[in-house]
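Q: Before I ask anything, let me first share the structure, which is written out below as structure tokens.
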Amino acid sequence: MRTRLILPLLTLFLVTLGVTFSLLALTNSPVTAPTPFPTVTLMPPEEVAFYPPSPTPFVLDSQCAATGEDYELRVAASNLYPFANLSNSSPDGRFTLVKKDVDVSLVNNETGEKQFIITETNPSSGLEYRAHWSPDSSLVLFTAEVNPFPAIIETANGHIIHIPEAPAYAFNGWSPSNTYVAIENSSLNAIEFYETATGKKVYTTDYWVDGWNFANRWSPDEQWIAYTWRHEKPDSGTYEWGLTLANVGGTEWEFPIIEGSYEELRDHELVWSPDSRFITLRYISGQENALTEHMATFSMDGTRFDDLAWNVPPDVNPPERYQQDPAPQWQPPIWEYSSQFFLDTRQVNADTYELIQYFPANDGMTVVADNLVKPAFYASAINQIGLYRREDTGYRIDLIKSDGSNPLTFIEGATDAGDPVWSPDGKWVAVVWASGTGANREVTLTWMRPDGTERRDLQADFTDVRDLRWVGDSLAYIVWRKDEGNTVEIIDLVSAERRSLSETYDTLPHLDYDASANALSFMWQTPEGAFGRDIYNPDGTRLSHTLMVGDMERPFKEFWSPDGQTVALKVGQLGYRGLYDEMLVLAYPDGRKPVLVRSGLAGLGDPLWSPDSRQLAFTQWTPNRSLTLEIVSPAGERVYWTWNYQLSTSLEWSTCG
């Protein structure tokens, strides 16, 4: 049994820090030492292995015979630009699709076994095909160009459900629980709905009509799909924007929203109520410096309620507002769990917000809280909210129910404070805050239940605390101690026992937690400049210690081998004319020295691992404008290479023999 370790890509850096008085001080709590790990010599970034290009290419057709491998690379030529390779791995990483002629196999990455084979007698076969995985990896929809009849495969047992009426290459989306699949039929300008269990078409709705489709959302109960559209009106030279609600049983409602030029509808998003009875459309209309924010709500009986609308402050740029990270800073309207009302944070000016509550049943809107300096912070169940205010005495954070009742002070009088962080189940809330300034500054980590019980205030030997991450009933975070450095700690919220997970590093910018893998990960850098990434279990076991190459600040994408023993790093950004800054690096979770495979590239495709983890294929565009297709081993040694490769590629691994 081989285990695949799927590691998340590092995201953004979060602002941390916080501030207030304490009810129970946990001063100088003992810290358990981290679990020992084999000693690894950290190599400076420039001391890496490098394999230069070979002038003699292999012949692709004889790849199996030349290498003795179990898989060969199949290349499907097209007219597209050659930098994005097709990966056929399932979202959860458990399966990989491989191809041999017209046969397609589903390989279980943990066991190496083939789950099923699609042969030329099945309707999904053909040299050119596309695979569309359901979000939970339980289903995969095949569409093919040679034979235009898609089919759905159940990955658990290989059962095939044919969809004889569906067009080729026309995937639109899965319903939330995969009960239906939506397929675009461009010849009919329509969306067709099919049951995934039977392949039966249940409904067809107009989709593009004479305009464009922009966004669609399935209802939680999977009975409705909502989508926005734009129709051109040639007589007036304007456009009409609208919303359509289509039910799989045949009911359909169409609502015009606004008429005007293309630029007049901006930043729109659709949000369903939990019970699927209502949907809210938020959008921006108007021109620069004269923008209006709208909230339009519709019910599934065809009713459109009165719009909420307010002017956007001139010092607020909506496109920047809705694209900011982290996501909780700029949330869409939040429906309360019973679907009686939704909540939204309205920006009054650049520094002030207010929380509003809207009941569609009676078109009633009330202001729940005003004079906020940040948008509201919602618990997962949306029945608890954190409110962040600035007062003359300092920063203050209050907790309230979603209906505005039961206000409770969390912290007050803080000189600075971080954002309140809710546990995923909404049963805990934590914050980092500080009181005093300069030499008198004291940092406190506070947590409690939403009703104020089981409160703890930790004041210990740290200079600062940041990046709070919930791990069950524990909290992981980065600690900075002046004159020492940064380390990762985890604390049990009930017992207040603290444990150090990591070594101390000069730089430790960000902490991330993958709940599905129960793993904490972080980048690190030593004073000598060596840097990499570590992965830990919350119990203190170090899962990987990966050294990297290049510049710690450069963006990168990870491509893990199915066996979890090697990670291919695509480092840098797509080069512009005269700028070649991309490189491909192979790194290892056991702390071995990384291998620099290629550098100075202007167009590096996404690398693709073979199912047995023995080969890595990729395309690259070199400074002399030649395009190459290359295969290397996990050690970075060349297996295959061809230069002046001018065709675009969809790379797929196929079984030999």
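Q: Taking all protein chains as present, what is the carbon and sulfur share of the accessible area of segment 384-534, in % to the nearest whole number, probe 1.4 Å?
A: Using a 1.4 Å probe with all protein chains present, segment 384-534 comes out at 43 percent carbon and sulfur.
Q: Give me the net charge for the shell around Val202: Cβ to Cβ below 9 angstrom, other residues only, Lys and Arg +1, Asp and Glu -1.
A: Once all neighbours under 9 Å are counted, the net charge is 0.
Q: Which sequence of Tyr378, Tyr388 reflects their accessible areas, 1.4 Å probe, from the largest down?
A: Correct descending sequence by accessible area is Tyr378, Tyr388.
Q: Over the heavy atoms of Met365, what accessible area does a 1.4 Å probe trace out, to the nearest 10 Å²?
A: Only protein atoms counted, so the area is about 70 Å².
Q: Let me ask you something else. Have a look at segment 337-494 and give its Rg and Dmax from the Cα atoms, expressed in angstrom.
A: When restricted to Cα atoms, segment 337-494 yields Rg and Dmax of 16.9, 60 Å.
Q: Leaving out same-chain residues fewer than 8 places away, which lysines sit with a Cα under 20 Å from that of Lys593?
A: Here the lysines satisfying the reach criterion relative to Lys593 are Lys557, Lys570.
Q: Over the C-alpha atoms of segment 349-417, what are the Rg and the largest Cα-to-Cα span, Dmax, in Å?
A: 12.8, 43
Q: Sum up the charges of everything whose Cβ sits under 11 Å from the Cβ of Ser219, counting Lys and Arg as +1 and Asp and Glu as -1, but leave Ser219 out.
A: -1
Q: In what order, largest first, do His159, His268 sit by accessible area if the probe radius is 1.4 Å?
A: His159, His268
Q: If you don't mind, there's one more thing I want to ask. Please state the relative contact order of segment 343-435 as a whole percent: Cα pairs under 8 Å, 6+ residues apart?
A: 18 percent.
Q: Can I get the semi-axes of segment 459-514's equivalent ellipsoid? Compute them from the C-alpha gyration tensor as square roots of 5 times the eigenvalues, in angstrom, largest first.
A: So the three semi-axes of segment 459-514 are 18, 13, 9 Å.
Q: Considering Cα pairs under 8 angstrom that are at least six residues apart, work out the relative contact order of segment 407-471 and quote it in whole percent.
A: With pairs under 8 Å counted, the relative contact order is 25 percent.
Q: Same structure again: Taking only C-alpha pairs under 8 Å that are 6+ residues apart, what is the relative contact order of segment 353-394 in percent?
A: Across segment 353-394, relative contact order equals 32 percent.
Q: Quick one: compute a quarter of the convex hull surface over the Cα atoms of segment 501-590 and quote it in nm².
A: Result: 6.7 nm².
Q: Please compute the net charge surrounding Pro407, taking Lys and Arg as +1 and Asp and Glu as -1 over other residues with Cβ under 15 Å from its Cβ.
A: -3
Q: Using a probe radius of 1.4 Å on heavy atoms only, what accessible surface per residue do you get for segment 455-515? Whole Å² is fine.
A: 35 Å²
Q: Using a 1.4 angstrom probe and counting only protein chains, how large is the accessible area of Thr303 in Å², to 10?
A: 50 Å²
The values are calculated or read from the model by the stated rules, or taken from the named source; none is laboratory data. These numbers come from a predicted model, not from an experiment. A quick note on method: Cβ atoms are made from the backbone with ideal geometry, for glycine too, and the neighbour counts reach across all protein chains shown. The accessibility values were calculated without ligands, DNA or RNA, using every heavy atom of the protein model including side chains. Shrake-Rupley method; radii C 1.70, N 1.55, O 1.52, S 1.80 Å.
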